[in-house]
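Read-outs throughout are calculated quantities, based only on the coordinates presented, and are distinct from any laboratory measurement. From a predicted model like this one, the values you see are computed outputs, not experimental measurements. Ideal geometry is used to build each Cβ from the backbone, glycine not excepted, and the neighbour counts take in all protein chains shown.
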Amino acid sequence: MAPIIQIENIHKHFGSVEALRGVSLNVEKGEVVVIIGPSGSGKSTLLRCINRLEEFDSGKIIVDGIPLESAANINAVRTEVGMVFQSFNLFPHLTVLDNIMLAQQIVRKRSKAEAEQIGRQLLSKVGIHEKAEAFPAQLSGGQQQRVAIARALAMNPKIMLFDEPTSALDPEMIQEVLDVMMDLAKEGMTMVVVSHEMGFARAAAHRAILMDGGQIIEEAPPDELFSHPKEERTKLFLSKIL
């Protein structure tokens, strides 16, 4: 079987800055890949290219057999790829349940009753079923991020992308979000996660990847990368965060 995500020689410029410099990466179905690296290394840009939230200048990305070329293909891929951002991006004027129901009804064409049933099931899954009628402003950051994860899962994605999902959270709220992500990993969800949470990477990831300067510097199983890095750049980065 072909990898569910195929990234081939991606280049991306922001003006004179080359954010991605020929990045190639395959992700297998059911694999959890954690990307680490310093700020400005291209991690989030690469993630956003996977569902074409960011245009790339050259190279090729194929997601679940669909090349990211035409608008129709991009839309097809986006319906199969859930994305959770650093900021929660919830609609403040909608209840938690309505936030989860909205895209189901518009994009998946589900009835209100079906969307509500799925929404309530997913709120139970992420541990906040009692918050269904609350508004985002009434929730903690960790609770809001769990709503954002539930909203993405409601679309039945084949792949979940996480862009530093815990970096805006207070330390005591981080674990509740990581626990939800751990459960998804155990269930076999294909996940690409940009994060500095090394404990999560060790526990959940099949592969850890260090990026710097718009390139992949080193990749290996997490224990191997963190305990026995081969590249000097990896050793230097890890010495500062571990």
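Some observations on this one:
- Tilt relative to the chain, helix 171-186 - C-alpha long axis, 0 to 90 degrees, to 10: 90 degrees
- Segment 92-183: relative contact order in percent, alpha carbon pairs under 8 Å with at least 6 residues between: 32 percent
- A simple count of charges around G141, restricted to other residues whose Cβ falls under 11 Å of its Cβ and scoring Lys, Arg +1 and Asp, Glu -1, yields -2.
- For the residues I35, I159, I174, a GNM of the chain with alpha-carbon springs under 10 Å puts the largest fluctuation on I174.
- Mean-position separation - Cα centroids, segment 21-77 and segment 113-184, in angstrom: 23 Å
- Pairs of lysines in the chain (C-alpha under 24 Å apart; 8 or more residues apart or interchain): 23
- Of the GluC sites (Glu not before Pro) found in segment 1-100, the ones in coil according to DSSP and having at most 15 other Cβ atoms within 10 Å of their Cβ are E28, E55, E69.
- Cα-based helix-to-principal-axis angle, 141-153 vs the chain, degrees rounded to 10: 90 degrees
- Ellipticity estimate at 222 nm from DSSP helix runs (n ≥ 4, -39,500 (n - 2.57)) divided over the chain, nearest 500: -11500 deg cm²/dmol
- Furthest towards positive pole of dipole, A204, L122, A103, structure part the chain, Cβ charges: A103
- For the chain, the relative contact order is 26 percent, taking Cα pairs closer than 8 Å that sit 6 or more residues apart in sequence and dividing their mean separation by the residue count.
- For the chain, the longest principal axis of the C-alpha atoms and the axis of helix 71-80 are separated by about 70°.
- Most fluctuating residue given options Q215, Q117, Q143, as computed from a GNM of the chain linking Cα atoms under 10 Å: Q117
- Antiparallel content of DSSP bridges confined to the chain, in %, to 5: 55 percent
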